[in-house]
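The values are calculated or read from the model by the stated rules, or taken from the named source; none is laboratory data. A quick note: this is a predicted structure, and the numbers were derived from the prediction, not measured. Quick reminder, even Gly has a Cβ in these numbers, built from the backbone with ideal geometry, and neighbours come from all protein chains shown.
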2 protein chains.
Amino acid sequence: MPERLLLGPGPSNSHPSVLEALSLPPIGHLDPFYVSLMGEVQELLRYVWQTDNRLTLPMSGTGSAAMEATIANSVEPGDTVLVAIKGYFGHRLADMASRYQAKVETINRPWGEVFSLEELETAIVKYRPTILAIVHAETSTGVCQPMEGIGDLCRKYDCLLLLDTVTSLGGVPLFLDSWKVDLAYSCTQKGLSCPPGLGPFTMSSRAEKKLANRKGKVPNWYLDVSLLNKYWGSDRVYHHTAPVNMNFGIREALRLLAEEGLQNAWDRHRLNAENLWTGLEKLGLELHVSEDLRLPTLTTVKIPEGVDGKAFSLHLLNKYGIEIGGGLGDLAGKVWRIGLMGYNSNSENVERVLNVFESELPNFRESIVSAA
Amino acid sequence: MPERLLLGPGPSNSHPSVLEALSLPPIGHLDPFYVSLMGEVQELLRYVWQTDNRLTLPMSGTGSAAMEATIANSVEPGDTVLVAIKGYFGHRLADMASRYQAKVETINRPWGEVFSLEELETAIVKYRPTILAIVHAETSTGVCQPMEGIGDLCRKYDCLLLLDTVTSLGGVPLFLDSWKVDLAYSCTQKGLSCPPGLGPFTMSSRAEKKLANRKGKVPNWYLDVSLLNKYWGSDRVYHHTAPVNMNFGIREALRLLAEEGLQNAWDRHRLNAENLWTGLEKLGLELHVSEDLRLPTLTTVKIPEGVDGKAFSLHLLNKYGIEIGGGLGDLAGKVWRIGLMGYNSNSENVERVLNVFESELPNFRESIVSAA
């Protein structure tokens with residue numbers, strides 16, 4: 001395997017001690033030591049999400065599995081789910097909700113913008129949804145949705161608030177309980193500095209109540225929280241054989257984050273991102289998102305006119321072992337996506353990426369000019 | 001983490017070089033190196049399953065996720081699914097199928113027995129199912145279902161054959177194509193000597209055809225093979241961020257198995273199991289399954305009358321770091337389950353487990369006698 005500096009939208013590089021934990025010999029999924037590790041993982045997840053939710057656990061799949069878990073457990077056939085779409089992952093939420101027989105309603109903003117409270121309220125009043133689903137940190141665009149007031153809106157109109165925190169957990173201020181979020185999910189391979197493979201999931205007591213009152217079984221056995229809770233709760237009833245080594249990994253990743261302290265981690269991400277933004281703009285590059293809405297974890301950079309963005313990122317991968325991402329969906333071919341997440345958010349990486357942009361991009365501009 | 005010798009129903013100990021592979025720094029899920037590794041994993045899975053199925057890949061969850069994937073992709077609402085239940089995992093298949101709105105029919109055999117061809121044919125004629133689901137190696141009972149003729153029966157009555165190979169893959173002769181199996185799944189933590197976390201999945205062209213002709217979308221986004229195939233096939237369209245490190249692990253695990261050779265691995269499992277059986281019987285213990293139907297990977301031992309089986313296995317765990325399993329469902333409290341799977345199937349482990357049974361069990365019998 002080649003060595004890579006993973007500065008794309010994720011996976012990001014893992015902390016070396018997380019990789020070490022990952023390679024410990026497995027133990028049984030009902031071993032007393034494992035059971036105590038499960039409790040630590042849950043408690044640490046509550047801390048990084050700033051929530052007291054009882055039902056907080058890592059799903060035994062990637063972030064997308066945890067995304068589906070929020071839908072599968074909360075949606076009943078015929079429920080209206082309002083998805084506020086401003087990028088790729090909003091579309092995915094809408095697709096998933098439709099598979100669980102929701103009546104899906106959507107509102108849209110251009111990729112790179114966010115929703116105002118007024119827009120959200122108008123839509124909630126119009127559709128009276130059971131669930132409002134929205135992405136906090138849109139990995140496809142690099143925007144961070146301001147959260148003030150959204151939870152109160154949802155309480156006012158009696159709907160659950162479902163939040164994607166895939167690219168914010170560990171890197172961006174996140175306060176699930178004070179924001180009144182009812183369902184949230186994330187991943188391990190970004191702000192947590194762990195390889196991909198687990199999907200942190202959490203559910204408020206309001207969402208639990210809806211689950212308890214369902215008419216039928218959750219139409220997804222693997223992600224059924226009412227079953228999973230019997231294993232993660234005090235009963236320890238076997239559900240599926242836990243991915244024990246991945247849980248060794250996430251436990252160490254969360255421990256490292258707690259050791260640093262959430263506020264310190266958020267500050268570090270902010271500082272390094274700001275230095276990246278300044279540096280890129282100094283090189284004459286334009287950023288896709290206005291400064292007040294930018295994610296510290298993921299920056300979208302406009303590909304200069306005439307430059308073959310894909311050829312440039314392939315060149316960085318082959319010559320320097322540096323991976324940056326391309327655009328998805330509406331932004332395909334238009335932006336690069338540069339991630340500075342978790343372990344990778346440090347000044348050395350900012351310098352490295354700015355240096356290769358400075359030294360290599362001119363060749364790609366010139367080749368365009370000379371070809372023309 | 002304590003050191004454990006995992007001789008229960010799984011997870012089993014991993015091969016050290018698999019653990020090493022697991023802790024390699026992650027690379028991107030669209031990195032050319034990763035894409036080539038994906039192809040190797042698929043090719044090696046085809047080999048260990050003895051199949052040419054195009055759609056052969058590891059699901060990004062544990063074996064239970066792969067089990068659900070076989071159901072989710074093949075069942076349409078109203079389809080009749082016949083489940084031949086002879087243990088815990090047959091019940092799980094029936095539960096899952098019902099969640100996908102199948103009309104579930106079941107036939108049952110006592111836990112520890114298998115189905116005859118005649119019984120299966122009678123039930124198929126009676127229910128005319130779209131799918132017959134059956135477990136090859138029942139982890140809850142330790143029986144191995146003879147497979148001769150079942151595939152032909154399914155072809156004769158135009159139904160798909162769905163097979164659970166969780167406890168057989170890598171340890172027990174398995175010939176998916178010559179057995180005419182249409183859907184199968186397995187896990188990584190038993191015969192493959194890898195930690196739990198991926199779920200090998202395969203689907204024949206007959207099953208693919210049913211998937212292609214579905215009226216609606218697969219009601220499970222994460223496990224939807226029509227989407228996954230765009231990532232695992234030549235298009236490489238992003239679906240979810242792959243659990244890259246787990247795939248480093250399974251790739252190494254499969255490579256080791258191919259290096260040993262399937263037939264050699266099967267012979268090794270058989271030899272060590274036979275030595276275990278002889279040794280246990282010499283100690284005066286009775287095995288739950290008749291010899292011709294016993295699984296070489298997992299042995300069910302009757303707990304002698306009056307012995308507290310749970311206390312005994314807890315004692316082995318605490319004093320020797322040896323994990324053995326207890327009974328599930330109908331066999332709860334009645335048997336111990338001893339696994340010799342993958343890396344753990346060797347003569348040293350046979351000796352270790354026989355030695356602790358010989359030295360420790362008398363104390364548990366005596367305490368009963370003296371208490372009485």
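Segment A:1-94 holds helices (runs of 4 or more DSSP H) entirely within its bounds, and those carrying 2 or more residues that are surrounded by fewer than 21 Cβ atoms within 10 Å (Cβ to Cβ) and at the interface with chain B (Cβ under 10 Å from one of its Cβ atoms) map to A:16-22, A:32-49. Given the condition surrounded by fewer than 24 Cβ atoms within 10 Å (Cβ to Cβ) and not small (Gly, Ala, Ser), answer yes or no: does some residue in segment B:187-198 qualify? No, that holds for no residue. Here B:Pro296 clears all of (1) surrounded by 14 or more Cβ atoms within 10 Å (Cβ to Cβ); (2) in a helix (DSSP H, G or I) except the condition numbered (2). Any residue at all in segment B:229-238 that's within 28 Å of A:Ser193 (Cα to Cα), of a type outside the set (Gly, Ala, Ser) and touching a Lys or Arg at 6+ places or on another chain (Cβ under 7 Å)? Yes.
Under the condition of being in contact with a Ser or Thr (Cβ under 8 Å, 6 or more places away or on another chain) and in a helix (DSSP H, G or I), the residues counted in segment B:218-255 number 6.
Test B:Ala123 against the stated conditions and say whether it is of a type outside the set (S, T, N, Q), surrounded by 15 or more Cβ atoms within 10 Å (Cβ to Cβ) and more than 19 Å from B:Phe175 (Cα to Cα). Yes: the conditions hold for B:Ala123. Only one entry in A:Ala258, A:Ala265 is outside any loop (DSSP other than H, G, I, E, B), of a type in the set (Gly, Ala, Ser), farther than 30 Å from A:Gly28 by Cβ and more than 14 Å from chain B (Cβ to nearest Cβ), namely A:Ala265.
Within the bounds of segment B:137-147, is there any residue that is within 14 Å of another protein chain (Cβ to nearest Cβ) and in a strand (DSSP E or B)? The answer is no, given that none of the residues of segment B:137-147 is within 14 Å of another protein chain (Cβ to nearest Cβ) and in a strand (DSSP E or B). The single condition among (1) within 14 Å of another protein chain (Cβ to nearest Cβ); (2) out of contact with any helix residue (DSSP H, G or I) (no Cβ under 9 Å at 6 or more places or on another chain); (3) not hydroxyl-bearing (Ser, Thr, Tyr) that B:Glu323 does not meet is (2).
Contact map, segment A:154-177: first residue closer than 18 Å to A:Leu293 by Cα and assigned to a strand (DSSP E or B), second residue aromatic (Phe, Trp, Tyr) and at pLDDT 95 or above, Cβ cut-off under 8 Å, separation 6 or more or different chains; pairs are A:Leu163/A:Trp179; A:Asp164/A:Phe89; A:Asp164/A:Tyr185. In the set (1) of a type in the set (Lys, Arg); (2) in contact with a Pro (Cβ under 9 Å, 6 or more places away or on another chain); (3) surrounded by fewer than 17 Cβ atoms within 10 Å (Cβ to Cβ), the condition left unmet by A:Lys209 is number (2).
Criterion applied to B:Leu223, B:Leu192, B:Leu198 was being away from chain A (no Cβ under 12 Å) and touching a helix residue (DSSP H, G or I) at 6+ places or on another chain (Cβ under 9 Å), and the one residue passing it is B:Leu192.
The sole residue among B:Ile107, B:Ile124 that is on the phi < 0 side of the Ramachandran plot, modelled with pLDDT of 95 or more and in a strand (DSSP E or B) is B:Ile107.
On the basis of being within 27 Å of A:Pro2 (Cβ to Cβ) and either in a helix (DSSP H, G or I) or among the charged types (D, E, K, R) (or both), does B:Gly197 make the cut? So B:Gly197 fails the test. Taken together, the residues in segment A:278-320 that are within 14 Å of chain B (Cβ to nearest Cβ) and touching a Lys or Arg at 6+ places or on another chain (Cβ under 9 Å) amount to 3.
With respect to the conditions (1) farther than 24 Å from B:Leu169 by Cα; (2) over 20 Å from the mean Cα position of the chain (by Cα); (3) aliphatic (A, V, I, L, M), B:Ala332 lacks only one, and its number is (2). Condition check: at pLDDT 95 or above, part of a loop (DSSP other than H, G, I, E, B) and either hydrophobic (A, V, I, L, M, F, W, C) or on the phi > 0 side of the Ramachandran plot (or both). Does A:Gly284 satisfy that? So A:Gly284 fits the description; yes. Restricting attention to segment B:311-356, the residues that are hydroxyl-bearing (Ser, Thr, Tyr) and surrounded by 19 or more Cβ atoms within 10 Å (Cβ to Cβ) total 3. Taking the condition surrounded by fewer than 23 Cβ atoms within 10 Å (Cβ to Cβ) and touching a Leu at 6+ places or on another chain (Cβ under 8 Å), does B:Gly151 pass? Yes, satisfied. Residue-level check: of (1) closer than 30 Å to B:Pro146 by Cα; (2) without any contact (Cβ under 8 Å) to a residue 24 or more places away in the chain, B:Asn213 misses just (1).
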